[in-house]
Each structure stands twice: as C-alpha cells, then as structure tokens.
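**Q** Sharing a structure here in structure tokens format.
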Amino acid sequence: MEIDFTAFSLIANSLAKRFLSMYYVEIEGGAFKEFIHSDYFAAIGAKKEGKDFFFMAVKDAHKFLHPDDIQNFIKNHDKETILKNLEKNDVYSISSRLIINGKIVNVRFTDIMCDDKKHILSGVENIDDEIKAKMEHERNLLSAERMARRDELTDVKNKNAFTEYSQAIDGKIKKGAHDFNFALLMCDLNDLKLINDTRGHSFGDESLLKASRMICDVFKHSPVFRIGGDEFASVLTDYDFEQRERLLEALRKESDENGRDRSGPQLASGLATYNPALDTSFADVFNRADHEMYENKKFIKARKNEESSKKLDNIETPITADRKRVLDGLFGALYTVAGGGYLYLNDMRHDYSRWSLPLLDDFGIKTEYMYHADSVWIDYIHPEDLKAYNEAINKLFCGGADLIPIVYRARKRDGNYVLLATRCFVLNDSDGKPEYFGGIIVPQ
C-alpha cells in the first residue's frame, strides 16, 4: 500500500507527542503501514506494514497487553466492532494497559475514520497522566465528601452524616417497612464546660476524643456520630443491636469507673429501640433515647450528691453554699493569676479545699473538692521529705512567713516521684486569724 507521507506529515507531527504508534489502515483488505514509529512495538516484533492489520492486532495482543485486559481487547477491538462503532461516530476508543519494560502503562486504542471512508487511522495513545489525574480527582472528591461527613476533631461521623442516616431510616419507617430493627444510643460528655473553663479547650478537646473512642470501642459494629458539642449518637444494628443491653451496661460501667477514679470521660447515656407498632418516625426513637440519656444524667448527678452528703456526715462544720461560692471565686482568681497548672485552696474554717484538675489527673486524686485534704496529700509526699515539708508548713502557720517556698518530691499516678516547688500562702481574716491556705505547685 502506497501512502503519500507528505500529505500526512502535518498529522504525524501533531500526533507524535500523544501517540506511541499510529497506523494507516485500508478497511477493505486490512493492509496497513506505520507512519508514527514505536520502538516498543518494534521490540515485540510488531510489523511496520502488512496485509491484515485487524488479524495482526488480535494475534499479537498477548505480546503487549496486560493479561487481565486481553479478552476485553479481543472482544472490543476486532474489525467488526471497530467498523460498527465508526459508523455511528468518526472516532472509536477503548482503554487498556500495556506491559512496557516490566511496567504497566495505561493506553487508549483510538481508531479514526478517514474522509474517504476507505481508510482508518489506528493509534495507541499514552494516557498515564490522564489516568493519574482522574484518580487524583476522584480521591479529592472522596476526601471532600468524607470531610463533609466526618467530625474534624474526633474523626467519627458528624451531624450532617447523622441527618442523612436518620432520614434514610425515616424513609423506611414511613413506607411501613417492618423487616428491620435498630436501636439508638445517645451519649453526653459530663462537665465539658467545667473542663474547658478550668483546664482549657485543648484538654476539653482531648476529653471529647477519648469519649468518642470509648463509645467506638464498646459499639464496634455501629456508626458513631458527634451530633453536638458534647453529644454523641450511635445507630445499633445486627450484632450491636442483639447485644445492646449488655453493651450499654459495659459503657455505663466504664463511665462510672472513670468518674470514681478520674481516669477518663464520664458519659450519660440513653438507649431506645425502634418499635414498629409505636414509632411513626425516627424522631420518636430519638426523643425516647434523648429522654433516657437525660434521666441517666440526673441519676449520675443525684448519686454524686448523695455520696457527697454521706461524706458530710463525718464533718463537724460542713461548708455552707455561700462559703463554697467564695472559695470558688477565690480559686478562680488564683487560677487566672497562676495561668493554670497545679493549684489548691483551702477554707480553713471548714477544712474544705478545692484542687485543680491537672493536679487531680496527674496524681490520681479522685475529687477536686475534699475535706481534710492534708490527710490525703500527705500520702503522696516522699517519706524522706515529710519532715522538711511539715516544718515549712508549721513555720507558715506560726507566723514565720506570709509566703514560703517548699521543695519536695511527690508520687504521680504512674508511681514515679517528681520534684515539686510549692509556693504556699495564708490569707488572714480581719482579726488576723488564718482563713484560707493555698499553694501554687510547679514541677521542677
């Protein structure tokens, strides 16, 4: 077959950068000739010209195609399929993968009908960059979609995802579907505002993160959502649904232990099960679960108050609400001046003190408010430093100093001792009697 390469020179120049190879093919007999050369195809024995292009392409497919793509190529790049598609459009393409020097290269086999309707141009285009760009675009879309439905802090699903999820369930309920079961768990992180106010928002964020992990660890098979500042929800199905009461008990047990030991977040929780005979919408289940959560929150608070009342039975002069408010006000001022950290302040009339949360958490002290705190803290001081500590305290209360530094070792939660420098002070009343005793403790 004779080809006027002068006539094709402009075409060849414009296509050469895009195509690995290009053939000019006679439709009737299949005669062909290469006018864009590929060293790769030459290396595998592909002919530069011949009598039957369509037969050659199918016969040699196993030499250059990825094994998983051979059957698709044979099926969709035979003569009949190419011509059938070119009758509809002047261009027909299929994508595949080549194996070049042991590496996979994404390509597009493109066939173009010539104006004379007697010939086609058949080329192989390298589309690696195009495929990579497409994959990157799809990853970005998936990432954007994921971020739109994920809570940035905790990495559980967010309120948008919860709304979509609940609407899907709501649609089933309103269509009268009765062949599915689910339960809704609602959780609230207790004292988040107090944590933010006294320890800072970074510690509050850490508490939210721990709370989300705690829920996820118990309800391993269910989606968990953060639906508010301190509120979480989980829709229970399958295994978690069948085990819902046992899992709720496990969550509440861990929460109670955290509250007693100050070892982690304390959660109020409520659970409601979908009842097709009773519930006409997802909101019905939500409202019951929310109500149960707040009942649990009230129970936790009442139990805490009861435990505090029992402790008061052994106190000769329990602190009054007014005195406690004064103590809290002074403690807040001290916390602001000190910039946080390890602090304590004691109302000496009632021997009632407040301790900062960082001090409690790092040393494993169970409560920020306590009577007779000296009997508690003394157990943390290194035995070899007790004498010097007590002498310094006695000097302070005997009027030897208004502010005194004390350096000693104290035992942290992990059992290791840390060196502390405490600036202790006494505030006297109008009669000159000690009324408040406090300290700022700085690790050395």
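The values are calculated or read from the model by the stated rules, or taken from the named source; none is laboratory data. All figures in this text were calculated on a predicted structure; none of them were measured in a lab. We place every Cβ from the backbone using ideal geometry, glycine too, and count neighbours over all the protein chains shown. In case anyone asks, the SASA skips ligands and DNA or RNA and just uses the protein heavy atoms, side chains included. Shrake-Rupley method; radii C 1.70, N 1.55, O 1.52, S 1.80 Å.
**Q** Take region 201-235 and flag every residue that is of a type outside the set (A, V, I, L, M), open to solvent by less than 20 Å² (accessible area, probe 1.4 Å) and within 17 Å of ALA183 (Cα to Cα).
**A** Of everything in region 201-235, those that are of a type outside the set (A, V, I, L, M), open to solvent by less than 20 Å² (accessible area, probe 1.4 Å) and within 17 Å of ALA183 (Cα to Cα) turn out to be PHE219, SER222, PHE225, PHE232, SER234.
**Q** If you scan region 160-195, which residues turn out to be within 27 Å of LEU359 (Cα to Cα), open to solvent by 30 Å² or more (accessible area, probe 1.4 Å) and assigned to a helix (DSSP H, G or I)?
**A** Result: LYS193, LEU194.
**Q** Filter region 236-252 down to the residues that are open to solvent by less than 30 Å² (accessible area, probe 1.4 Å) and either in a strand (DSSP E or B) or among the aromatic types (Phe, Trp, Tyr) (or both) and list them by number. Write out each step before concluding.
**A** Taking region 236-252 first, the residues open to solvent by less than 30 Å² (accessible area, probe 1.4 Å) are 236, 240-241, 247-248, 251.
If the condition is that a residue be open to solvent by less than 30 Å² (accessible area, probe 1.4 Å) and either in a strand (DSSP E or B) or among the aromatic types (Phe, Trp, Tyr) (or both), then LEU236, PHE241 are the ones that fit.
**Q** Answer yes or no: is there a residue in region 394-408 that is assigned to a helix (DSSP H, G or I) and at pLDDT 75 or above.
**A** yes
**Q** Residue check, PHE35 against (1) surrounded by 16 or more Cβ atoms within 10 Å (Cβ to Cβ); (2) in contact (Cβ under 8 Å) with a residue 60 or more places away in the chain; (3) more than 52 Å from the chain's Cα centre (by Cα), all met but one. Which one?
**A** (2)
**Q** If the requirement is being open to solvent by 10 Å² or more (accessible area, probe 1.4 Å) and within 26 Å of the chain's Cα centre (by Cα), which of these qualifies: SER269, SER263?
**A** Details: SER269 fails: open to solvent by 10 Å² or more (accessible area, probe 1.4 Å).
Only one candidate qualifies: SER263.
**Q** Can you name the number of the only condition in (1) over 25 Å from PRO276 (Cα atoms); (2) modelled with pLDDT of 90 or more; (3) open to solvent by less than 30 Å² (accessible area, probe 1.4 Å) that THR198 fails?
**A** All conditions are met except number (2).
**Q** Going by what's in this entry, would SER95 be described as of a type in the set (Gly, Ala, Ser), touching an Asp or Glu at 6+ places or on another chain (Cβ under 8 Å) and more than 30 Å from ASP205 (Cβ to Cβ)? Give the steps one after another, and end with the answer.
**A** Working: of a type in the set (Gly, Ala, Ser): yes; touching an Asp or Glu at 6+ places or on another chain (Cβ under 8 Å): no; more than 30 Å from ASP205 (Cβ to Cβ): yes.
Spelling it out, it is not the case that SER95 is of a type in the set (Gly, Ala, Ser), touching an Asp or Glu at 6+ places or on another chain (Cβ under 8 Å) and more than 30 Å from ASP205 (Cβ to Cβ).
**Q** Which one of these is at negative phi, of a type in the set (Asp, Glu) and without any contact (Cβ under 8 Å) to a residue 60 or more places away in the chain: ASP374, ASP351, ASP347, ASP361? Give the steps one after another, and end with the answer.
**A** On the way: ASP351 fails: at negative phi; ASP347 fails: without any contact (Cβ under 8 Å) to a residue 60 or more places away in the chain; ASP361 fails: without any contact (Cβ under 8 Å) to a residue 60 or more places away in the chain.
From the options ASP374, ASP351, ASP347, ASP361, the qualifying one is ASP374.
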